[in-house]
1. Determine by what factor the alpha-carbon radius of gyration of the protein assembly as shown differs from 2.2 N^0.38 Å, reporting the quotient.
2. Lys and Arg at +1, Asp and Glu at -1: add these up for the other residues within a Cβ distance under 15 Å of B:E75 and post the number.
3. With a cut-off of 8 Å between alpha carbons and a minimum separation of six or more residues, what is the relative contact order of the stretch D:11-146 in percent?
4. Total Å² of accessible surface buried at the A-B contact, 1.4 Å probe, nearest 100?
5. Express in % the proportion of alpha carbon pairs of the stretch E:74-146 at distances exceeding 18 Å.
6. Largest first and to the nearest Å, give the Cα extent of the stretch A:1-62 along each principal axis.
7. Mind checking the mean number of beta-carbon atoms from other chains within 10 Å of the Cβ atoms in G:138-145?
8. For every helix of n ≥ 4 consecutive DSSP H residues, a contribution of -39,500 (n - 2.57) applies; sum these over chain G, divide by its total residues, and give [θ] at 222 nm rounded to the nearest 500 deg cm²/dmol.
Number of protein chains: 8
Amino acid sequence: MIWTVYLSGEIHSDWRDQIIAGAKALELPVVFTSAVTNHEASDAAGDLLQPESSGYWRDHKSSRVNGIRTQTLLEKCDLAIIRFGDKYKQWNAAFDAGYCAAKGKPYITLHAEDIIHPLKEVDGSAMAWAQTPAQVVEILSYVVDE
Amino acid sequence: MIWTVYLSGEIHSDWRDQIIAGAKALELPVVFTSAVTNHEASDAAGDLLQPESSGYWRDHKSSRVNGIRTQTLLEKCDLAIIRFGDKYKQWNAAFDAGYCAAKGKPYITLHAEDIIHPLKEVDGSAMAWAQTPAQVVEILSYVVDE
Amino acid sequence: MIWTVYLSGEIHSDWRDQIIAGAKALELPVVFTSAVTNHEASDAAGDLLQPESSGYWRDHKSSRVNGIRTQTLLEKCDLAIIRFGDKYKQWNAAFDAGYCAAKGKPYITLHAEDIIHPLKEVDGSAMAWAQTPAQVVEILSYVVDE
Amino acid sequence: MIWTVYLSGEIHSDWRDQIIAGAKALELPVVFTSAVTNHEASDAAGDLLQPESSGYWRDHKSSRVNGIRTQTLLEKCDLAIIRFGDKYKQWNAAFDAGYCAAKGKPYITLHAEDIIHPLKEVDGSAMAWAQTPAQVVEILSYVVDE
Amino acid sequence: MIWTVYLSGEIHSDWRDQIIAGAKALELPVVFTSAVTNHEASDAAGDLLQPESSGYWRDHKSSRVNGIRTQTLLEKCDLAIIRFGDKYKQWNAAFDAGYCAAKGKPYITLHAEDIIHPLKEVDGSAMAWAQTPAQVVEILSYVVDE
Amino acid sequence: MIWTVYLSGEIHSDWRDQIIAGAKALELPVVFTSAVTNHEASDAAGDLLQPESSGYWRDHKSSRVNGIRTQTLLEKCDLAIIRFGDKYKQWNAAFDAGYCAAKGKPYITLHAEDIIHPLKEVDGSAMAWAQTPAQVVEILSYVVDE
Amino acid sequence: MIWTVYLSGEIHSDWRDQIIAGAKALELPVVFTSAVTNHEASDAAGDLLQPESSGYWRDHKSSRVNGIRTQTLLEKCDLAIIRFGDKYKQWNAAFDAGYCAAKGKPYITLHAEDIIHPLKEVDGSAMAWAQTPAQVVEILSYVVDE
Amino acid sequence: MIWTVYLSGEIHSDWRDQIIAGAKALELPVVFTSAVTNHEASDAAGDLLQPESSGYWRDHKSSRVNGIRTQTLLEKCDLAIIRFGDKYKQWNAAFDAGYCAAKGKPYITLHAEDIIHPLKEVDGSAMAWAQTPAQVVEILSYVVDE
């Protein structure tokens, strides 16, 4: 079995690359998926469509175009890794966690110790809380073992 | 028909009271539900249970006890109002929004204009974005009209 | 058992009133629900919300506010009556029919004979095709008999 | 991942060919599906079956045979494109949109600006509104990017 | 809790009356539902609708009108009793059993010993096989006890 | 797309072979599945298991072993063909039809004209009624066309 | 809102009575349901039905009659309390826990500390682990607070 | 079709190896999946994660990491074999059986005759009860036959 793992959240550090490289090094039977992680491209995802918009409607148009991709990939994944960094609100990551919880889809959170308390509901429904990409790779290695 | 409306999010302002009072004044056929909104009681929800815990496990134990209530009430509501204030991370509110989206349950977000951009995914799946409790009451009044 | 019947479609003739009056005359155990049928109110359902919008976004905002009501009532009904009149596009009525079909919710179409052909997919998934409100009442009377 | 995209609606213009050609030119990992788009064949889909029928029952018989194909392909697609042209009622396209909405399946509408208002409920549940096949291809290209 | 019990199958003997009378005598908290059991009325259920039809299409029209009632009542029941008598094909009773099995809805079959073998698939998914209405009442009495 | 078609019902004539041969001749992209159609093997499916049983319990044990196969194949098929011959009760075929109806899985019935009336509920939920294997092949050919 | 709480497991101590009495003393809006807890009656639940059976088939017949009640009450409850005592295998309690987990239904386990390790999978999906009926009542009191 | 069969339960005897070898000898089109069956590795599955824990929380952490694997494989299997040996509590096996029952996923129990009575609820929802791995292989061989 090939496992599909969705990587959700922070786009300003290289945690995705670390996990993907780690899984590759171990030759794990895992395929990774993700939202479009180019921030500017993501914000502009709906700009080609009419009506030309700014502010709330521009965000709305782009977030729904992005939703075509993210909702589909979440539905198809076997496991999600939800990453919270030390900057920004990252409400979309918490949103993805809630989506997984409602669908009975297992997810692992990945974040530092200092935000345990505000993340307690998100962590409470998670299957595991990891602090480093290396830990995520180690869990993956254990979970997908054949 | 009596509508059940779940009020999710910020617990440091009186937005719940305003909405409930507004609906009462209009005699709307609406029942409101909510998580336990006493912050200290919520944090201590699991403290009576063994093993005595602190830090991560204390949060974990309490968040799961709270989850008995919040998951059940979310499943039973017809509509959720998801409130984001100007303080704190409020990841649980975004989590509830994701939960509603996955279940096909309609929700309205309630927040100020200055956090439109970080909330774009949460707003993108919402049925409406309101800025004041009075607007929420007005929409409720329209929606539940018989 | 009280049956809940959702009345979808045309708002420019009195077919809803005829069905409701007919059911009342027979004292059928039926409750009727419906979208907001005041055309102007429906088009303006989102106008109280920011950002002020016109054209596509105004329609979008209002249709989503209306969706809170219509999606909820469709989910809760036992049976839907989908009415197509002789004017306008009435794509929302066909949309509701598709929604019912996907949910396994039974529906009856109500329309004149001259639009049988363009409605063949909508009729093909319907449980019955009626031409007059009186026929709908007669079927209701038969179906809900105790 | 190979994406499956269902093309629903108008059969009197070459919009399907344009989208398919555009996706092919970009070598997108997309497979397209569709109802039988030969109008005469579609109307006669049930003619080989007894009882020989005309009018309503002929349409009924054929629409249900067509439904074997269309319902199955809709259930299996990842995304639907719903096209409304400038002629005919096209209630089947709106029906497909409602079906997708009920199943939580994302769809994009494709239509000219002059029918925004009658399509507001259909557009309100769509993830995007495009006006040209080229825009659809551009969104596909963005959404399926690996 | 009030239990809702759907009575499916044979309409030529008084088994329904016996079960209802037995439950009433014991004052069980049970409500019974059923298809329309007047054979002629059931066959004519669609006759008021156009197009006037005979043979296959008359049966089709009536069976779908009846389906509005039977499908809804099956979905709402807590338990079904599926009765097979010694005459007729009674394929609708076996159809209802398959419907219950697919929905995870418990059902009890009620039939004589001499048709055990042809009913083995239907009995195999049943929660119990009873031979007399009195046995059904006894099981009901046990099952709904508070 | 490869279509999976489940063949349910009568095991005393060669209708399965005719359909399979017809599809093969046309090189249709169809895979056929079926219950075990060896009557004696099917009746003895549970005989290897304890406790040794006869009568009702033997049938019960075998029908549940057979159910592992039939339930799984029904869940995985895209379309079912439900065949009623002129002998025996064939309640399992009607059971499979009800199962499909409850799951929203399309099916075609295949039977002679003289049993239209007792099959009216089974036919009423079918997508088509065919009288010969050749008609089934013709419909398959139309439906799976690429 | 009235909460429905299913009490599953051990029938040889008075833990059910303690929880019910505790909830009554606090006037909690809770209704309790349960399997038939009379051991002999439960073992004999199918004895009235043919064929007379002993050993495996007697157990099978009774367990399926009991399943009508237990499956229905589990489906309808908002929360389950799963009790493991210090005697017997109690596999039915673990079975109910697995059933709840699969349905996304919250449950609380109630057991002594010395069986933590063998119950780790059952506890791992629980929302809370309590050691005394009084703790369960305290959690209920917190969770159902209005 | 390749069947996926999940092997749940006892890890102290070689029943898994016997079934796998038996299926291989017959060249059955079956793939087997399983929890991690190395007892020490399974108990330590969460040890790499913070916070370092012992007792209840260590078990909790590990059982949830294991749950990522077991829940996913259960969801994806076509059939489960649930094994109860003569030692230990094996509540996780009963838990898996309840999970399968709730999902409508067929399972076969594998256990000796002397624990029939305490397993009656688990067996009551099973499709078959086998006493030896050889019997399981024989049933598999029958069920997956093409």
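The values are calculated or read from the model by the stated rules, or taken from the named source; none is laboratory data. From a predicted model like this one, the values you see are computed outputs, not experimental measurements. Glycine also receives a Cβ, built like all others from the backbone with ideal geometry; neighbour counts cover every protein chain displayed. Keep in mind that these areas ignore ligands, DNA and RNA; they rest on the heavy atoms of the full protein, side chains included. Shrake-Rupley method; radii C 1.70, N 1.55, O 1.52, S 1.80 Å.
1. For the protein assembly as shown, the normalised Cα radius of gyration comes out at 0.91.
2. Counting the neighbours of B:E75, the net charge comes to +4.
3. 24
4. So the buried area, both faces added, is about 3200 Å².
5. Percent of Cα pairs beyond 18 Å in the stretch E:74-146: 36.
6. Extents along the principal axes, in whole Å: 48, 26, 14.
7. Shielding by partners across G:138-145 averages 5.
8. Helices in chain G give a 222 nm mean residue ellipticity of -14000 deg cm²/dmol.
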